[in-house]
Amino acid sequence: MIAINLDKIVKSYGTQLVLDGACWEIHQGDVVGLVGANGAGKSTLLKLIVGQEDANVGTIYRMKGLTVGYMAQELALQPGQTVLAEALLAVPAIAELEAELARLEAQMADPAVYEDPDELARVLDQHAKTLDRYQDLGGETYVSRVQSTLRDLGLSEAQWEQPVETLSGGEKKLVALARLLVASPDVLLLDEPDNHLDLKAKSRLERLIAGYEGTVVIISHDRYLLDLVVDQIAEVEAGRVTVYVGNYSEYAYEKKVALLRQQQMFQIQQREIQ
């Protein structure tokens, strides 16, 4: 089933044309490596999908109810937040529901409420509905899930109280990735998540992407990573998107064969002209 469809997308920045009639279908469960030369429009495509930018021409279809998580190259972590506090922002609705539950519980302790049967019944009913939503979101196990995800990514408990601004570039990437994984959107859009990561962290990233149940689109210059985790390559070239089935090595071989064929056809045409 098609999760996202880009149809005849044109995108320019001033006089610079980046995408020129680009079409691209992303299906549920795909793990796609998005490749192309620097400036070809890879990051622009992700920003268009997530709604951070608008196309000049064309339409973008997203399946109804689809949730999309996006990790940009430039991270926006909040200075002063600890690693754990930042990771806990993964599902803001849980914190909002916790605050609402605390407010309702305070009301239940208010004599003006508990001495009024009708008002108490109203507050109890509202509390029950809020608790149901909280449980549906996994609120009761939320903190432990966040902590487990941080451990899985190699961020030790000793780092959890460390301010995010003191982290290395690679560690900041891991915190941002932890937030996305905890939120578990239907589609993960990852713009060079492996930048600044050491070999151990890259290995953990490979396992997490390979085991992710949703759709993943990843921009990376690491051919080894793309060979391990993707099942197709989407190449951005000359403002268009071309999809190749298989990992990076299979894509590179297919591109090489196509180039050789073009050269052979050109040589045949030149001989015919002569």
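At-a-glance table
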{"read-out": "Inter-site label distance for Asp198 and Glu105 at 7 Å from Cα along Cβ, in nm", "value": "4.1"}
{"read-out": "³J(HN,Hα), Karplus 6.51/-1.76/1.60, whole Hz, each residue of the stretch 14-27, x for Gly, Pro", "value": "x, 8, 8, 7, 9, 10, 10, x, 5, 10, 7, 10, 10, 9"}
{"read-out": "Proximal lysines to Lys202, defined as alpha-carbon separation beneath 30 angstrom and excluding residues fewer than eight positions away on the same chain", "value": "Lys42, Lys47, Lys172, Lys173, Lys255, Lys256"}
{"read-out": "Protein accessible area in the chain, 1.4 Å probe - carbon and sulfur %", "value": "50"}
{"read-out": "Spin-label pair Asp231/Ala37, simplified geometry with 7 Å Cα→Cβ offset, distance in nm", "value": "3.2"}
{"read-out": "Between helix 248-273 and the chain: long-axis angle, C-alpha atoms, 0 to 90°, nearest 10", "value": "30"}
{"read-out": "Calculated P(r) of the chain - Cα pairs past 28 Å, %", "value": "49"}
{"read-out": "0 to 90° range, to nearest 10: angle between helix 117-136 axis and the chain longest Cα axis", "value": "30"}
{"read-out": "Ala210 versus Glu115: modelled label distance in nm, points set 7 Å from Cα along the beta carbon direction", "value": "6.6"}
{"read-out": "Debye equation applied to the C-alpha atoms of the stretch 1-85, log10 I(q)/I(0) at 0.11, 0.18, 0.22 Å⁻¹", "value": "-0.37, -0.86, -1.14"}
{"read-out": "Mean separation of Cα contacts under 8 Å (6+ apart) over length of the chain, as relative contact order %", "value": "28"}
{"read-out": "FRET efficiency for Glu140 and Lys256, using Cβ-Cβ distance with R0 set to 45 Å, rounded to 0.05", "value": "0.25"}
{"read-out": "Å² per residue, accessible surface of the chain at 1.4 Å", "value": "55"}
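The values are calculated or read from the model by the stated rules, or taken from the named source; none is laboratory data. Just so we're clear, the structure is a prediction, and the values are computed from it rather than from any experiment. When we count neighbours, we look across all protein chains shown, and the Cβ atoms used for this are built from the backbone with ideal geometry, even at glycine. All accessible areas refer to the heavy atoms of the entire protein, side chains included, with ligands and DNA or RNA removed. Shrake-Rupley method; radii C 1.70, N 1.55, O 1.52, S 1.80 Å.
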